[in-house]
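Following: one structure in structure tokens, then a few remarks.
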Amino acid sequence: MTAVVEHNKNGGIKVSKPNRGQRVLKGLLIGSAIFTVIGFFLMDYTGLDLTHAIPMTIDNLGQMFLSPSLNNTTWPSALWQVAITLSLAFLATILGAVISLFLAFGTAVNLSKPWISNTIKAFITVVRAVPTVLWVLIFAIAAGLGAVAAVIGMIFHSIAYLVKAYSEAFEEVDQGKIEALRATGSSYPHILFQVVVPQTKSFLISWTFLRFEINFGVAVAMGAAAGAGGIGYELFMASTFYYDMQEVGAITLIILVVAIILELIANRLKMAA
Amino acid sequence: MAVDSKVKEVTETRTDFNNKEAEEVLISFDEDLEITGDEVEIATKEELKEMPVIMSIENLNKEYSKGKSVLKDVNFEIKQGELLSIIGPSGAGKSTLLRSINRMIEPTSGKITFDKQNITNVKGRDLRNMRTNIGMIFQHYNLVDRLSVFENVMHGTLGYKNSLQGIFSLYTESEKEEAIDIITELGIEDHIYKRCDELSGGQKQRVGIARALVQKPKIILCDEPIASLDPSSSRVIMEHLRKICSEKGITVIVNLHQVDVAKNYSDRIIGLNSGEIVFNGHPTEINKEVIQAVYGTDFDDLIME
């Protein structure tokens, strides 16, 4: 047996020798497992009867999703509210996409100067660090709580997301194609719109539509949280004001169906692009 | 005796058959070829002397990092209407030299005179104007392959356009007609509305040539135009370049790896080694010593196609 082999306490041969990072990770995992167990013992369980609570929860879910019905609103009104939510999402996506396109030209390292790229990246990081709801509340100071503040807040996060996605797509564009256009005497805008955009069009479309799907979900939440209206506000009213399980279920199912339809359209668009 | 003749007959039919098959293969290969292998005519030394100078390059130096010269004090003249080949080993500075001509790469020092104008320090609009006069063709074609052949060829006119015209692809009818004429001359008119990623290498390079010609250039620079092509497409491309040079009087400057191709098609050859011009003369003057000086190896050690 050679000297390079290390043994563990029982005299067996070690297969691996963990480094510092792996030891820290191991400590973290064990620590969080212990705290989780302790946490369960420290919770306040007064008045909780699991034999009663579990069937009640199942019953509530059953009421929501197995017998959904619209009691306080009508079908045309619910669909109209869905349309409002969709238009909030659409507005935020389209405005965000146009702004993002130009910011992304500045962010992509192959199309821009390093200091411009880094400035925009820093700005984007700040935008991303603040949650959407906070942006909405910030703009609510000026615009008042409602659709306008919600759309502006959603635009901010759309930009943060799309600039990153777009600029990474732009950076994939072959430098030779840009060189070829420069050699014809083309100007910078020519290169952007005759090489970079056509070459990345399918990425741009699929990323934008993915953001639209995300914005739909955010718009539902904003309807409730920021009073932006739409189906999210109906959901909020049904759950906390009327306490109507069946209506909550019905609205949730409507949102689910719309989300699935959006997903299908997105797939079609990706195929076509 | 009888057996012998039988054997002979069989072999003969077989050779016949083989020849026929080979011919068929050749034909299917040649379907795309618009030009058949005519003997190439190149300018003689005397003719070359009489050609007017279109560009002169004086004391050109290029350093990518301090102290590491890629081009060392390069001096030469380019004649109007000649086909000039630049040969040399990889890393000799051929691409850098070519890109210095249209200022895609900024030379460290030196003077470039084009059409009696000093273009060493032109900027902005003047630089763009200068580049419209110099077309460029690349080894990897560098076409926007999600756009159609026609759209790619029209990119050649962008140098003459302002931003809005370029962004919204506002080309005039006469520009489009000229482009169609050029596309037809190059024999790719059947593919005009196809996306460029559907084309073969040789066809893509012809789109590249069309894009350069649409610029109405005085000089066309070709950076290893046939390095990624099979021998038959290579021949088509070289013959098109030769034709452009002889018939349209456009100066063509080609970076080449193949010495025999350079000898066949060019009016003049420049040999580059480690950033210095070691040969500048007529193709007939290429001999063993020249090859030794350019490549550092014997002529017989080079692969000839």
Part-to-part distance (alpha-carbon centres) for segment A:197-250 and segment B:239-305, which is given in Å: 67 Å
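Please compute the average number of Cβ atoms from other chains found within 10 Å of each residue's Cβ in peptide A:50-63. Please report the intermediate quantities before stating the final value.
Working: counts 0, 0, 0, 0, 0, 0, 0, 0, 0, 0, 0, 0, 0, 0.
Going residue by residue through A:50-63 and averaging, the value is 0.
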What number, in percent, do you get for the relative contact order of chain B if the mean sequence gap of Cα pairs under 8 Å and at least 6 apart is divided by its residue count? 25 percent
Of the convex hull enclosing the alpha-carbon atoms of chain B, the direction-averaged projected area in nm² is 20.5 nm²
What list of ³J(HN,Hα) values in whole Hz, one per residue of segment A:232-238 in order, does the Karplus curve 6.51 cos²θ - 1.76 cosθ + 1.60 (θ = phi - 60°) give from phi, with Gly and Pro shown as x? x, 5, 4, 4, 4, 5, 4
Show me the helices of chain A, taken as full DSSP H stretches, that run 20 Å or more along their long axis by Cα and average 1.0 or above in Kyte-Doolittle hydropathy. A:20-42, A:75-107, A:147-171, A:245-272
Using the beta-carbon distance between A:Asn60 and B:Ser169 and R0 = 45 Å, what value does 1/(1 + (r/R0)^6) give for FRET efficiency, to the nearest 0.05? 0.15
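Apply 1/(1 + (r/R0)^6) to the Cβ-Cβ distance of B:Lys116 and B:Ser65, taking R0 = 25 Å, and write down the FRET efficiency to the nearest 0.05. All intermediate terms of the calculation are to be shown ahead of the outcome.
Values: r = 34 Å, r/R0 = 1.36.
So the FRET efficiency works out to roughly 0.15.
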Could you list, in their original order, any pairs among B:Lys62/B:Lys123; B:Lys45/B:Lys176; B:Lys49/B:Lys161; B:Lys49/B:Lys218; B:Lys94/B:Lys248; B:Lys204/B:Lys243 whose Cα atoms are separated by more than 28 Å? B:Lys45/B:Lys176; B:Lys49/B:Lys161
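Would you mind calculating the gained length between A:Phe123 and A:Asn267 on full extension (0.36 nm times residue separation, minus the Cα-Cα distance), in nm to one decimal? Please report the intermediate quantities before stating the final value.
Working: separation 144, 0.36 × 144 = 51.84 nm, distance 3.18 nm.
Contour length minus the Cα-Cα distance gives 48.7 nm.
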List, largest first, the extents of the alpha carbons of the protein assembly as shown along their principal axes, each in whole Å. 108, 77, 70
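Find the relative contact order for segment A:105-250 and round it to a whole percent, using C-alpha pairs within less than 8 Å whose residues are 6+ positions apart. Kindly include the intermediate steps, with their values, before the conclusion.
Values: 140 pairs, mean separation 33.3, N = 146.
Answer for segment A:105-250 is 23 percent.
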Work out, step by step, the length gained on full extension between A:Val257 and A:Ile34: first 0.36 nm times the residue separation, then minus their alpha carbon distance; give nm to one decimal. 76.1 nm
With springs only between Cα atoms under 10 Å apart, run a GNM on chain A and tell me which of A:Gln81, A:Gln194, A:Gln63 wobbles the most. A:Gln194
HN-Hα J couplings of segment B:253-262 from phi, Karplus 6.51/-1.76/1.60, θ = phi - 60°, integer Hz, Gly and Pro as x? 10, 10, 7, 9, 9, 9, 5, 5, 5, 4
To the nearest Å, what is the center-to-center distance of segment B:81-96 and segment B:117-144, using C-alpha atoms only? 18 Å
With all pairs of different alpha carbon atoms counted, what Kirkwood hydrodynamic radius in Å does segment B:165-305 show? 17.0 Å
Return the percentage of antiparallel bridges among DSSP beta bridges fully within segment B:173-282, rounded to the nearest 5 %. 50 percent
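Starting from the Cα-Cα distance between A:Ile214 and A:Leu145, subtract it from 0.36 nm times their residue separation and give me the gain in nm to one decimal.
Values: separation 69, 0.36 × 69 = 24.84 nm, distance 2.14 nm.
So the chain would gain 22.7 nm between A:Ile214 and A:Leu145.
Counting only other chains, and only Cβ atoms inside 10 Å, what mean value do you get across the residues of A:5-16? Before the final figure, lay out the partial values.
On the way: counts 0, 0, 0, 0, 0, 0, 0, 0, 0, 0, 0, 0.
The per-residue average across the peptide is 0.
Within the set of other residues whose C-beta is less than 12 Å from the C-beta of B:Glu151, count the net charge using Lys and Arg as +1 and Asp and Glu as -1.
Working: positive: B:Arg146, B:Lys176, B:Lys194, B:Arg195, B:Arg211; negative: B:Asp145.
Taking every Cβ under 12 Å from that of B:Glu151, the sum is +4.
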In degrees, nearest 10, the alpha-carbon axis of helix B:231-248 is tilted away from the dominant principal axis of the alpha carbons of chain B by 50 degrees
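Quick one: if the Förster radius is 22 Å, what FRET efficiency do B:Ser232 and A:Phe193 give, using the C-beta to C-beta distance and rounding to 0.05?
0.05
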Restricting attention to segment A:186-273, which chymotrypsin sites (Phe, Trp or Tyr not before Pro) occupy a DSSP loop and are surrounded by at most 12 other Cβ atoms within 10 Å? A:Tyr243
How about segment A:1-103: which chymotrypsin sites (Phe, Trp or Tyr not before Pro) there lie in a loop by DSSP and see at most 11 other Cβ atoms within 10 Å? A:Tyr45
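What percent do you get for the relative contact order of chain A when only Cα pairs under 8 Å and 6+ apart count? Let's see the in-between values first.
Working: 276 pairs, mean separation 71.0, N = 273.
Here the relative contact order equals 26 percent.
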Exposure rule at most 11 other beta-carbon atoms within 10 Å, DSSP loop trypsin sites (Lys or Arg not before Pro): chain A longest free segment: A:15-273
Taking Rh as the Kirkwood radius, which is the inverse of the mean 1/r over Cα pairs, what is the Rg/Rh value for chain A? 1.13
Quick one: what are the phi-derived ³J(HN,Hα) couplings along segment B:287-296, Karplus 6.51/-1.76/1.60 with θ = phi - 60°, whole Hz, x for glycine and proline? 9, 4, 5, 4, 4, 4, 5, 7, 9, x
Coil-residue trypsin sites (Lys or Arg not before Pro) of segment B:91-120, DSSP, other Cβ within 10 Å capped at 14: B:Lys116
Would you mind checking the radius of gyration and Dmax of segment B:140-216 based on alpha-carbon positions, in Å? 11.5, 33
Measure nothing fancy, just the Cα-based angle from helix B:2-30's long axis to the longest principal axis of chain B, in degrees from 0 to 90, nearest 10. 20 degrees
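Roughly how crowded by other chains is peptide B:143-152, in terms of the mean Cβ count from those chains within 10 Å of each of its Cβ atoms? Let's see the in-between values first.
Values: counts 5, 12, 4, 8, 5, 0, 0, 0, 2, 3.
Mean number of neighbouring Cβ atoms from other chains: 4.
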Neighbours of A:Pro18 by Cβ distance under 14 Å: Lys/Arg at +1, Asp/Glu at -1, summed charge +4
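Taken together, the values in this text are just the output of simple stated rules run on the coordinates, not laboratory data. The model shown is predicted, which means the values in this text are computed figures rather than measured ones. Cβ: placed from backbone, ideal geometry, glycine included. Neighbour counts: every protein chain shown.
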